[in-house]
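All remarks here apply to the structure that follows.
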Amino acid sequence: MAIPSGSGTEVLKVSMFRSVDTTEHKLVDGVANHIYTVLSISICETAGAAEVFNLYIADDGGGTDYEIISDQALAANKTFVYNDRIVLSGTDELIFALQTGTADIDVVCSYIDQDWT
């Protein structure tokens, strides 16, 4: 993506979902000519069973994955907060995935979406 030279918009957004199996969930689903800054991710186990999860970036929507958090344990009825900044651009995707079969995990991600289209 080229360095933006015109005007654009900047919007604070949130993505939320409940993860109950090993399906991959996109916290941020990148679009061309956008820059995303992830501010915080809250991951809460709500069923009383310990779980393990991964958080990674799918570069340009697939092909190469870059692990941010790998094999992270999440104790029963506990919350994990990731509040280091992550920057994605264009069609990059931020993915959350459980490693266990069934679970009940709530995930909330807040981020800034800069649109330069």
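Bear in mind that the values in this text are calculations on the coordinates, not laboratory data. Everything numeric in this text was worked out from a predicted model, so none of it was measured. Using ideal geometry, Cβ is built from the backbone for each residue, glycine included, and neighbour counts are taken over all protein chains shown.
Computed values, structure above
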| quantity | calculated |
| --- | --- |
| Strands (runs of 3 or more DSSP E) completely within the stretch 54-105 that count 1 or more residues being loosely packed, with under 14 Cβ neighbours inside 10 Å and without any contact (Cβ under 8 Å) to a residue 60 or more places away in the chain | 64-74, 79-82, 86-89 |
| Meets criteria (hydrophobic (A, V, I, L, M, F, W, C), loosely packed, with under 14 Cβ neighbours inside 10 Å and within 27 Å of ASP115 (Cα to Cα)) for ALA32 | yes |
| Residues of the stretch 40-51 classified as part of a strand (DSSP E or B) and either polar (S, T, N, Q) or farther than 17 Å from PHE17 by Cα (or both), total | 2 |
| THR22 vs. criteria surrounded by fewer than 15 Cβ atoms within 10 Å (Cβ to Cβ) and not hydrophobic (A, V, I, L, M, F, W, C) | yes |
